[in-house]
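The structure under discussion appears below in the form of structure tokens.
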Amino acid sequence: MLFILTYKIGRVGKKKPLRTSLNPQSVFVLAEKAWAGSNLLYKWQKSLGNYIAVAGQDNTVKIFDRHGHKWTEINLPGRCVGMDWDKDGDILAVIAAKSSSIFLWDASVSKTSQIDSGMRDQMSFILWSKTSPLLAVGTVKGNLLIYNQQTSRKIPVLGKHSKKITCGCWSSQNLLALGSDDNTLSISNHEGDTIRQTTVRGEPAEIYFSVMKTDERSAQGESTVSVSVDKKILMLFNINDPGNPIELAFERRYGNIVSYRWYGDGYILIGFSHGYFVVISTHIREIGYELYQAHNHKDCLNSVAISTALNKAASCGDNSIKIHELSDRKDISSIIQLDDENKGLDQLSWTDDGQLLALSTQRGTLHVFLTKLPILGDSYGTRLAYLTSLLEVTVCNQVEEESPVTIEVEVEPTFIAVGPYHVAVGMNNRAWFYALVDQEPGVCLKDIEYLGTIASMCLNSDYAAALFEGKVQLHVIEGKDQDEKKQMKLFPDDDRKGRILCHALTADFLYYGTDSGSVVSVLVEDWETVNSYSHSVGVRKVFPDVIGSRLVFIDNKNSGFLLSPANSCFELPNFSPTITGVLWDNWHADRGVFVAYDDDKVYTYALHKTTIYGPQVVLVGSTALPFSQKPLLFHNGELTCQTASGKISEVELSTHSFLKRTATDSSAELSRQLAQALMLKRSAMLETLNCTNADWAELGKACLVHMEVELAIQVYRMSGNVGMVLSLQSIQGTEEMNLLAGHLAMFLEDYNRAQDLYLSSTSPVAALEMRRDLLHWDSALMLAKRLAEDQIPFISKEYAVHLEFVGDYVTALAHYEKGMTHNSKEHDEACQAGVARMSIRMGDIRRGAAQAIQHPSRVLKKECGAILESMKQYSEAAQLYEKGQYYDKAASVYIRCKNWTKVGELLPNVSSPKIHLQYAKAKEADGKYKDAARAYESAKDWDNVIRVLLDHLNNPEEAVRIVREMQSIDGAKMVARFFLRLNDYGSAIHFLVLSHCNDEAFQLAQQHGQMEVYADIIGSEATQEDYQSIALYFEGEKKHLQAGKFFQKCGQYSRALKHFLLCPNSEDNLAIEMAIETVGQAKDSSLTNQLIDYLMGESDGMPKDAKYLFRLYMALQQYREAARTAIIIAREEQCAGNYRNAHDVLFSMYTELQAQKIKIPAEMATNLMILHSYLLVKIHVKRGDHLKGARMLIRVSNNISKFPAHVVPILTSAVIECHRAGLKNSAFSFAAMLMRPEYRNDIDTKYRKKIEAMVRRPDKSELEEETTPCPFCGFQLPQNELLCISCKNNLPYCIATGRHMLKEDWSICPHCEFPALHSQLLERETSCPMCSESLSASQVIKISDCAKYLQTYEPDETQ
């Protein structure tokens, strides 16, 4: 059954205060190097508690006695995984990793023996029986061994659990309970037989046998097994009632169960990970309720322990141990702080007799504590003396690295005092003095009995001062031969001076404070009072600095004060009433720094002797003081405190964090460190800090307050404040403190303080200069009357300027008049100008205007004119503007007062269009239209210019010119209306279109039959609706060409094609061209088929010229069909003898296919080559190059079938040119061809006989053709051969010679990109033989790498 417990949180420490004086003391600390950073496993010797066995990660178990001395060491083959002492504490059993042996150490003879467990798997658990010599050992695989020490009998139990055995417990009846990672709990007898086994809901931990609390004591013995399940639930399992286990769950905010212990009559104490400490009862009527609960540790709790001998419980966590009285659980009897253990604590364990408490830490150290030890300590300079045991005082000087001295004292002291050479301890009225500097430090010199119970004692090098019963006894510590008077003196010597409440002793002075408020200083050399200060209330504590020049005292009102040698006294700011002590910094550079402390906090104060406000004491900041620690020494930012465990610890003050800064400090932290360093006068540290510009600026202000000019310059230089650096450098050499402080107060904007400082300095005029610079004119004038009357006029003038700006014109006029000096021209002119302005402002316009006109400044005339204009005094304002040559302003004001004559006079000098426009309107109103037109033109108001030209001056030509130049829409409308009145409809339509009145233009064109004019004018600017309207109009008029044209423009391609096909024959060519363009735009297959049918003659039986079909395919971007058509057209042209036309058709198609990256059909490429060769013949023959002409004619004659219209003329030319070029055999062959019957009669009569003779008497000699390499493979070929017999490639040919191309002589036409031999292209012609475009030498570039051109020259053989 499941109990969910709900708790009411107890209020710890409210009923009784923490008794920190009863804290246990550290007996010893074990910190082996081999243990560093590891959790320790340790066990106290049972019963006796004389030994403690400790194991770390170093494969050893070290055994120490109760004083911390190492007794012996057990070396193991692996890390120790478990150990336990037998019931009598005689034998320690140890198991180790990597070993199957059990190691036994006999404490009586200090010897180690081994026994073989016989287990093959790793051992994980070991435990001695509470009542018999039985040892239980568990393994990681769940096996169990029970070993009898007396009989050496081993009982192996295999498979006790299926996984690692992790925990267990013997009962007083020798029952063994075991927990395993297999989430089961088993209970076995001493033979290993399983009695009970149950499954739990998580991993078991910490198993104990106990007796549940009942009304009557049960005779069944320890019948209840408790186990922590998954660190969440505490399960109580009754062996006699296994079917009803009790599961206790706890509030989630407590965290996990860390540890628990049974105690008393069935009570359980439980520690939780979040720091909670809970006590419950197992009585069946109380179960489910908490008896006690406390949040014992703020962040975490690591362990709990119970000592039945002491009837106390302890818990550890948050670097502290808290000890509770079990009789009154709310009473925390002791708290131990472990300040050095920054990695956390681990396990607590008490000896059976409760004398020693051991604590292991996660840092790998082991602390052992004993009971109550009071906190007693004192310091002198950097030397400390403090109680470390009940009868032991330790003296140390960590600053000067002196070896600590331990002094065994006679009695348990109630006070300790230390001096440079002595330590005094005492109780009641007796004190013992010990030497520190003898051969054997710590030797007792003497003991003295005083006249009363000693409240406190102070020492210096020679004297001791003891306070008892309101008096201080001052005496020599080691005096021998002095007379009795010199041996001792009591203060005060007169009881009427009050009771002494406190005292302090420095090297030279004794200070004491009385209940009447006196602070008395006594020179110890002659024991005479040298100074006394009277305070208003009693002084209960005094704290002089190291050399005794200043002291801090606390009065009966708990206020703190700093007393200086001259009896100047400052109350300490923000002084807490709980403060119990003050320590001065012993560091040589921080003589003015001290700390005041209470139980919780340490407050750092600094004395600033030099500031612009005089001497000051400032609170630098506060630092939290660790619990139950008493500060003893303050040195360079570190506070040495005595802890409740009889040790000392170092507390780093947060006010000195700049001393331990790191590279990872945030910008806010760096800013705080900078402020601290400055307040503590650590100027050298500032240079090493790094902060933002804003932080440096703030620090710069603080430097100014403390008059640290050199440092302020460095700070402002770091912040980039150039102006402040220059200002500080200008006062850097100032020696007089008041003058320097005045400058710095001014920089800090504390102007009243700066003025006071300046006036008290030797340069009081600086106060006047400051007020002038700040525009504090009243103050400046008052200071000038006292310090510098000759400056009054200049200050008056500057003051007047300021008054004028804020609108106080009356006072400004008076000050301008006072500012006249009559000997400074520029200054007086500025004052006169001010008088002029103020006179006008005050209404004395005549005086002000006259002065402005007389004044040489143009700007003044403009200013006065503006003032007059704002006052609506237009005439005077315009005159001043005109005098000042501000013509636009003058003309504008003249217009406002309707003075057109003056406006006309000023107009040539006016540039403002607005003024010209106003003038034009005025002239038009007067009927002076030419002047108005000119003025409108000057104002660039073209619409009004056009209106005046048309309506009043009847000058349409000029109006039309302006409309065309300026593209004025409104002007175009006016011109259109003008032409409409003249019945010039064409011009009216033109200007209506210009004015974007397309609907009106259309209606006008429709009414007067001017639609063609409208259509021409509207151009590309019209909308689709405009085009449709025009098309519909032409459709109604049966003008098919125009209708189709405008249907095409508005995107109605079907209707457009219909009209184009209906056009009469006279318009046929243009109509077909437009139809082709329409179909190309439409991309509609039905329209395309309709047009093709028309062109092929399907509709009217009249086939149209094939060129139209070619153009159609081109418009449709059907380039392959266009190519086929082009070949057909070229063939027809060739058959008709129109070789140039055929060439042009093929060339245009060739270039188009190339542009579309479509392969050129082989037939097209061949036909183009043959036609181009034919055209080259004329070029070569014309040049007289008969050989090249003959070679081209041979190529043409070999394809003579492609020239059916001129077979005989071509062959005749071939015979003649070959004969001329010396190609006799070729001439003979072509002559023989001409002698055929079908050609013979057509030969020209003047060549016939020569040809016949050539055939009859053949000369077959032939000039051999030169060879050049193939551009593809390099094979030598005849120059004019275009097919390589080696690589079978068609070769690119030169468009200039007809020869095949050469790699090393490659160029292209920049227009058509056909190849040509670079050496031949521009030999005589200046145009391309292929595309006829003109060429220049700069355009034709020789190409070194022609590979890409060879790749593209691959005609499509499939066509």
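What to note about this one:
- Only Cα sites of the stretch 58-141 enter the Debye sum here, all with the same form factor; the resulting log10 I(q)/I(0) across q = 0.26 1/Å is -1.38, listed in q order.
- The stretch 399-440, accessible area per residue, ligands and nucleic acids excluded (1.4 Å, Å²): 51
- Gyration tensor verdict on the stretch 562-606 (Cα atoms; rounded if a/c is under 1.5, prolate if a/b is larger than b/c, oblate otherwise): oblate
- Sorting 312-321, 811-820, 492-501, 1262-1271 by their mean Cβ neighbour count within 10 Å, with the most densely packed peptide first, gives 312-321, 811-820, 1262-1271, 492-501.
- Difference of contour (0.36 nm per residue) and Cα-Cα distance, ASP600 to ASN238: 125.4 nm
- Summed over the residues of the stretch 137-210 and divided among them, the accessible surface reaches 42 Å² per residue at a probe radius of 1.4 Å.
- Overall form of the stretch 775-840 per C-alpha gyration tensor (a/c, 1.5; a/b vs b/c): oblate
- Peptides 343-350, 135-142 ordered by average Cβ neighbours within 10 Å, highest first: 135-142, 343-350
- Between LYS343 and SER576, the FRET efficiency from the beta-carbon distance, with R0 = 51 Å, is close to 0.95.
- Placed amide H near SER518: partners under 5 Å, 5+ positions off or other chain: HIS535, VAL539
- Amide H contacts of GLY82 (H built 1.01 Å from N, under 5 Å, at least 5 apart or other chain): ILE95
- Long pairs among LYS557/LYS681; LYS1178/LYS1202; LYS497/LYS601, criterion Cα-Cα beyond 29 Å: LYS557/LYS681; LYS497/LYS601
- In this structure, the residue pairs whose Cα-Cα separation is over 22 Å, taken from LYS46/LYS232; LYS62/LYS154; LYS343/LYS647; LYS298/LYS343; LYS46/LYS98, are LYS46/LYS232; LYS62/LYS154; LYS46/LYS98.
- Protection proxy ranking of 503-509, 578-584 - average other beta-carbon atoms within 10 Å, highest first: 503-509, 578-584
- Model label sites at ASP1144 and ARG1220, defined 7 Å from Cα along the beta-carbon direction, differ in position by 2.7 nm.
- Around TYR758: net Lys/Arg minus Asp/Glu count, Cβ-Cβ under 13 Å: -1
- Too-long pairs where the Cα-Cα distance tops 22 Å, listed order kept, from LYS111/LYS141; LYS130/LYS231; LYS1188/LYS1288; LYS471/LYS541: LYS111/LYS141; LYS130/LYS231; LYS1188/LYS1288
- Shape call, the stretch 274-338: gyration tensor on alpha carbons, a/c limit 1.5: oblate
- Residues whose amide H lies under 5 Å from that of PHE415, counting only those 5 or more places away or on a different chain, are GLY426; hydrogens are built 1.01 Å from N in the peptide plane.
The values are calculated or read from the model by the stated rules, or taken from the named source; none is laboratory data. Here the structure is a predicted model, which means the values were calculated and not measured. Glycine gets a Cβ as well: all are built from the backbone with ideal geometry, and neighbour counts include every protein chain shown. To get the accessible areas, we keep the full protein, side chains included, count just its heavy atoms, and leave off ligands, DNA and RNA. Shrake-Rupley method; radii C 1.70, N 1.55, O 1.52, S 1.80 Å.
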